[in-house]
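What follows is a single structure, written as structure tokens, with notes after it.
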Amino acid sequence: MYRGEISTEKKFSMLVAVLFLNLVLVSIHVVLKNQQTLFQSIIAFIVSPFQVASQKTIDFVSHEFKHYVFLKDSFTKYHEIKKKYTRLKYENYILKKKLIENGFTQRVKGKFQGFIEADLISIDQNFPLSSIMINKGSKDGIIKDMIVLNEEGELVGRVVEPITLLSSKVRLITSSIGGVGAYIEKDKLEGLLTGNNNATCSFKYLIANKPVFKGDRIITSGTDKIFPPYIPIGKVVKTQKEYLTQKVQVKPFFIEKSIKQLIVIKNIKHE
């Protein structure tokens with residue numbers, strides 16, 4: 001009985017296999033409306049979800065890979081740009097340093113025939129804005145009335161006696177002794193600039209009918225026959241009108257800058 005039952009089960013299994021094979025063979029020859037066989041449609045139906053999942057996986061991996069590569073490339077470029085920026089900052093610093101050290105030399109070449117670089121030795125303690133001493137004297141070609149400028153090419157004063165072999169005295173434009181012929185740069189309104197032994201100078205003899213404003217730049221006029229024209233002096237810090245003239249206070253540029261290193265003009269090229 002047991003062997004007979006097994007034999008029957010085998011026969012049944014073989015019958016099912018034959019029917020399935022027959023169904024497959026029939027489906028291969030049945031053409032559907034979409035020009036595909038039934039078998040192909042069944043296979044496509046079974047395989048389709050796996051294809052979709054596989055394509056999505058590939059797309060995701062591809063996108064993430066491209067994103068990673070892009071970020072990596074961007075990160076590399078960022079560091080390259082940062083290095084270039086740092087290098088440019090350093091080069092800019094060096095250029096600025098060179099301009100500070102040599103810039104004035106280039107500016108005065110076209111205007112003055114010769115100049116001497118000088119360093120500050122001392123300041124008059126009783127009248128600090130009256131006179132100073134520099135480390136260049138007659139040995140270096142310094143003579144009376146030579147013009148003294150700061151490194152920016154702005155007026156500081158002129159050489160006065162005593163002049164020794166190795167040093168000279170410079171009277172500042174803020175000194176109460178002497179004066180400078182000057183213009184308002186914007187309209188050439190002329191007057192006389194005199195010092196007060198303090199941080200500002202008085203700009204005298206300016207007529208009242210031409211307005212002067214705070215911040216106006218003052219330059220030398222050359223009318224005093226000592227200081228050459230068009231040298232920057234300072235800017236207006238205060239104005240007050242009177243009956244026919246106006247009182248104007250000027251703060252020299254050199255007041256707010258270092259005068260440790262100065263330029264002494266040897267031979268003036270008059271314009």
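The values are calculated or read from the model by the stated rules, or taken from the named source; none is laboratory data. Worth saying up front: this structure is predicted, and the values here are computed from it rather than measured. Here the Cβ is made from the backbone with ideal geometry for all residues, glycine too, and neighbour counts use every protein chain on show.
Key figures
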item	result
Residues (part of a strand (DSSP E or B), over 37 Å from the mean Cα position of the chain (by Cα) and not charged (D, E, K, R)) located in the range 161-180	PRO162, ILE163, SER168
Restricting the range 180-201 to residues that are more than 12 Å from LYS235 (Cα to Cα) and among the β-branched types (Val, Ile, Thr), the residue that is surrounded by the fewest Cβ atoms within 10 Å (Cβ to Cβ)	THR194
Residues satisfying the stated conditions in the range 188-222, i.e. more than 36 Å from the chain's Cα centre (by Cα), within 24 Å of GLY153 (Cβ to Cβ) and of a type in the set (Ser, Thr, Tyr)	THR194, SER202
Complete set of residues in the range 212-222 that are surrounded by 13 or more Cβ atoms within 10 Å (Cβ to Cβ) and part of a loop (DSSP other than H, G, I, E, B)	VAL212, ASP216, SER221, GLY222
Single unsatisfied condition, VAL159 versus (1) farther than 14 Å from ILE147 by Cβ; (2) buried (at least 17 other Cβ atoms within 10 Å of the Cβ)	(1)
Hey, LYS251 farther than 22 Å from ASP145 by Cβ, outside the structural domain of LEU155 (by TED's automatic domain parsing) and assigned to a strand (DSSP E or B) or not	yes
Matching residues, the range 223-246, being at pLDDT below 90, among the basic types (Lys, Arg) and either surrounded by 15 or more Cβ atoms within 10 Å (Cβ to Cβ) or assigned to a loop (DSSP other than H, G, I, E, B) (or both)	LYS225
Qualifying residue in the range 223-235 (condition: touching a residue at least 40 places away in the same chain (Cβ under 8 Å) and among the acidic types (Asp, Glu))	yes
Count - residues of the range 144-160 that are part of a loop (DSSP other than H, G, I, E, B) and more than 13 Å from ILE226 (Cα to Cα)	4
Candidate set: the range 127-141, residues that are closer than 24 Å to ASN197 by Cβ, touching a residue at least 60 places away in the same chain (Cβ under 8 Å) and not in a strand (DSSP E or B); chosen: the one nearest to the chain's Cα centre (by Cα)	LEU129
Boolean, ILE265 is modelled with pLDDT of 90 or more, assigned to a strand (DSSP E or B) and either surrounded by 20 or more Cβ atoms within 10 Å (Cβ to Cβ) or of a type outside the set (Phe, Trp, Tyr) (or both)	no
